[in-house]
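Quick notes on the structure that follows.
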Amino acid sequence: MAILQVQNLEKHFDKTKVLQDISFNLEAGQAMAIIGSSGSGKTTLLRCLNFLEKPSGGRIYIKDDCIFDADDPTTQREADVRRKRLHFGMVFQSFNLFPQYTALQNVTLAKELLAKEYPDYKQNKKRILEEIREEGRKLLADIGLAAREDHYPHQLSGGQQQRVAIARALALHPDILCFDEPTSALDPELTGEVLRVIRGLAEQKTTMIIVTHEMAFARDVADQVIFMDGGLIVEQGPARQVIEDPKEERTRQFLSRYAEG
Amino acid sequence: MLEFFASDEFRTVVSALNTGCIRTLQLFFITLIGSLPLGLLICLGSMNRLAPLRFLQKKENPRWLNAVWGFRPISAICRLVVWIVRGTPLVLQLIALFYVPGMVGWFNWPGGTSSRMVAACVTFIINYACYFSEIYRGGIQGVPVGQQEAGQVLGMTKGQIFRHVTLLQMVKRIVPPVSNEVITLVKDTSLARVISLQEIIFMGESFLKSNMGYSGLVWPLFFTAVYYLVFSGLVTLFLNWVEKKLAYFR
């Protein structure tokens, strides 16, 4: 069963159609890469899934549960959006770590705030917070940053910051983890460490959507690839087939530009 | 020279200036305690997006009509107040608040120092809150949107994002401009003498006219500068300390 179904998703900014008729399914445990040139709507698609943008049309299902339907206002209530967002984790291109918190605090903050809503929070506050911190330390250790838990973001390299951002997204156990060009803001020699972490997540069968310009990475790590152009899905299929043997002319042109580069 | 500092004249003047200094300090601290939070309120008000008639906006309407339906009353009121308060002299506001109610027959401020102090505090708090509100607005808008978005995707509420993500970053950004305002406030307190609040300058001037058996003394007026220098020096040290405290993140 597909964990995520997107049907006929549309997004317009005034008269500009940024997304048109976007439909795809994502199976649990699979990784999907979205490729395409700048302005093709990849980032907007991720932002729609995270409700950072409100889609203008279409439907989104998580495990057959409709979490958004443009024609049904009851699925768009502001109060529910917060809870629905928790289905998705998001790793931004520019990290967006909170500068005033240490690496560990960045990872645990959201969970600590959510824990305040537990009915037994007051009685077991100390134990709950200790558990959250313990889990945060483990997440940082998993990405090789155990020794950096008390560092502030500005004391970390770009690659380390992005790894902390991944740990921060994982801390809330999202159903689907979204990456928005996670290595585009990094120096070339730092992309490797971030890609390794994502590769590790794929091996652990984390459900992921990755917007990326790293074609070789998309081919090796993703199960499926979507190629977008002008707000449309031009081609989608198994990663190796789309990248090595694309059916559409536009996909071929796009990929050949990368091959030259 | 040393004898002068031991003279009756010096001691009389200094004790009078000290009395004035206490009033200046009161006005200064009460203004800060009132205007810093009130400024935040005005700031949030002027950024308020509530537009009760927005539902009347339609795509096919002309642009000017949609602008009318997009009217944001809370924001408009706050911006109007800020415009009026920043656009008129503080001296005028002091005079208006102290004398106009009596002139138009609303109420009379009771006589005595305390009511002059209350009137001065109210005026200063409103005046400084308006300046602070604009500094806050700059501070909040200076925090990258990505910070809010990161909070949103982590399931935080708007309030949580403001308290736990935006606020401290904003505070760090506004310390230098707020320092400027606070130092200005140290000296602006002297304007309260237009409603005869007997603060330092008022006391210094009194010896030029006639006070406690002295008249025609010029030096007390200039000597008040020592008080302001010491005072603003201490304030500067404190604000530098705050800035250092917040230097642990960027």
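Derivation of every value follows stated rules applied to the coordinates shown; laboratory data play no part. Keep in mind that this is a model prediction, so the values were computed, not measured. Counting neighbours? That spans all protein chains shown, and the Cβs are built from the backbone with ideal geometry, glycine included.
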Query - Sequence of B:Ser35, B:Ser190, A:Ser94, B:Ser133 once ranked by neighbouring C-beta atoms within 10 Å, starting from the fewest - result: A:Ser94, B:Ser190, B:Ser35, B:Ser133
Query - Neighbour-count order for A:Thr108, B:Thr166, fewest beta carbons within 10 angstrom listed first - result: B:Thr166, A:Thr108
Query raised in the report: Which shape class applies to the range A:99-173: rounded if a/c is under 1.5, otherwise prolate when a/b exceeds b/c and oblate if not, where a ≥ b ≥ c are the square roots of the Cα gyration tensor eigenvalues?
Result: prolate
Requested in this report: Counting only C-alpha contacts under 8 Å and six or more residues apart, can you give the relative contact order of chain B as a whole percent?
Outcome: 25
**Report entry** Global form of the protein assembly as shown, assessed from the alpha-carbon gyration tensor, a/c cut-off 1.5
**Finding:** prolate
Query - Restricting the range B:51-88 to trypsin sites (Lys or Arg not before Pro) in coil, as DSSP defines it, with at most 11 other Cβ within 10 Å - result: B:Lys58, B:Lys59
Report summary line: Partner aspartates and glutamates whose C-alpha sits under 13 Å from that of A:Lys247, ignoring same-chain residues fewer than 8 away, are A:Glu235
Requested in this report: Kindly identify the range B:176-222 as rounded, prolate or oblate by the Cα gyration tensor criterion: order the square roots of the eigenvalues as a ≥ b ≥ c, call it rounded if a/c is under 1.5, otherwise compare a/b with b/c, prolate if a/b is larger, else oblate.
Outcome: prolate
Requested in this report: Please average, across the residues of B:167-176, the number of beta carbons from any other chain that are within 10 Å of each residue's own beta carbon, and give a whole number.
Outcome: 1
Query raised in the report: How about the range A:55-129: which trypsin sites (Lys or Arg not before Pro) there are in a DSSP loop, with at most 11 other Cβ atoms within 10 Å of their Cβ?
Result: A:Arg77, A:Lys116
Query raised in the report: Rounded to a whole number, what is D in µm²/s for chain B from Stokes-Einstein with the Kirkwood radius over alpha-carbon pairs (20 °C, 1.002 mPa s)?
Result: 100
Query raised in the report: In nm, to one decimal, how far is the modelled label at A:Asp71 from the one at A:Glu117, with both set 7 Å along Cα→Cβ?
Result: 3.0
Query raised in the report: How much net charge surrounds A:Leu156 when only other residues with a Cβ under 14 Å from its Cβ are counted (Lys, Arg +1; Asp, Glu -1)?
Result: 0
Report summary line: Here the net charge surrounding B:Cys130, from other residues whose Cβ is less than 12 Å away from its Cβ (Lys, Arg +1; Asp, Glu -1), is +1
Query raised in the report: Nearest 20 debye, what's the magnitude of the dipole of chain B about its Cα centre given +1 on Lys and Arg Cβ and -1 on Asp and Glu Cβ?
Result: 1320
Query - Cut-off 12 Å between beta-carbons: net charge of the residues surrounding B:Gln141, Lys and Arg +1, Asp and Glu -1 - result: +1
Query - Residue (of B:Phe5, B:Val218, B:Val85) at the positive-pole extreme of the range B:2-248, dipole from beta-carbon charges - result: B:Val85
Report summary line: Loop-resident GluC sites (Glu not before Pro) in the range A:70-135 with no more than 12 other Cβ atoms inside 10 Å, DSSP not H/G/I/E/B, are A:Glu117
Query raised in the report: Share of antiparallel DSSP beta bridges in the protein assembly as shown, in percent to the nearest 5?
Result: 60
Query raised in the report: How do A:Met90, A:Met215 rank when sorted from fewest to most other Cβ atoms within 10 Å of their own Cβ?
Result: A:Met215, A:Met90
